[in-house]
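The values are calculated or read from the model by the stated rules, or taken from the named source; none is laboratory data. Worth saying up front: this structure is predicted, and the values here are computed from it rather than measured. Please note: Cβ atoms are built from the backbone with ideal geometry, for glycine as well, and neighbour counts cover all protein chains shown.
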Amino acid sequence: MLRILGGTARGVTLKVPESARPSPARLRKALFDLLRFRYPRRGRFLDLYAGSGAVGLEAASEGFETTLVEKDRQAIQLLRENAKKARLKVRIEGMPVERYLLEARRQGLRFTVAFMAPPYPHDLLQDFERLLEARLVEPGGLYILQHPAELRLSMGERREYGYNCITLIAADALQAQAL
């Protein structure tokens, strides 16, 4: 059973859409232990390919102002139900991630953390590249990419959790690389 692990909604169970592959509890716990330490004042959190909302709702439970982006209709409905059940205020954007990234960049939206966990059948490198090119993370912020452990990215800090992995890329390092 999928549950929120910490914060104000700790222990709330989440409904999972058929299309989702929720991030494992071990990965989520490690991720939010890191974020709690790194961002004591929290900030704005972007969850792309939100699915069940396990990561984005965890972020909201921990005090981040959270935006969830998902295009699957069943997932969007369950995100609304899960947020209501957990009594968490989140923004849900029901559209393809590619479109959201273009619109958010055009509007000048900025986030402290941008988390992306695309469905593994996707072209993950292309998805990650789109996110990094959108430049939505503010200075001092972090891009977090979840992917299978066998995928090796050429930048960032890698952390493995069984078959899953996250790569952390500091926005400042990305800006310096672009110069």
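In this entry, A75 is excluded by the filter for residues that are out of contact with any His (no Cβ under 9 Å at 6 or more places or on another chain), buried (at least 18 other Cβ atoms within 10 Å of the Cβ), without any contact (Cβ under 8 Å) to a residue 60 or more places away in the chain and closer than 25 Å to E160 by Cα. Kindly indicate the residue of the stretch 121-179 that is among the polar types (S, T, N, Q) and outside any loop (DSSP other than H, G, I, E, B) and also surrounded by the most Cβ atoms within 10 Å (Cβ to Cβ) among those meeting that condition. So the residue we want is Q146.
Cβ separations smaller than 9 Å between residues 6+ apart or across chains give the following pairs from the stretch 57-68 residues that are farther than 13 Å from K29 by Cβ and modelled with pLDDT of 95 or more to residues that are assigned to a helix (DSSP H, G or I) and polar (S, T, N, Q): L57/N82; A60/T8; G63/T8. Candidates in the stretch 1-28 are the residues that are closer than 25 Å to E138 by Cβ and modelled with pLDDT of 95 or more; of these, the one that is nearest to the chain's Cα centre (by Cα) is R28. Scanning the stretch 78-92 for residues that are surrounded by 21 or more Cβ atoms within 10 Å (Cβ to Cβ) and out of contact with any Lys or Arg (no Cβ under 7 Å at 6 or more places or on another chain) yields L79, A83, A86, L88, V90.
Considering only residues in the stretch 116-125 that are of a type outside the set (S, T, Y) and at pLDDT below 95, the one that is farthest from L174 (Cα to Cα) turns out to be P121.
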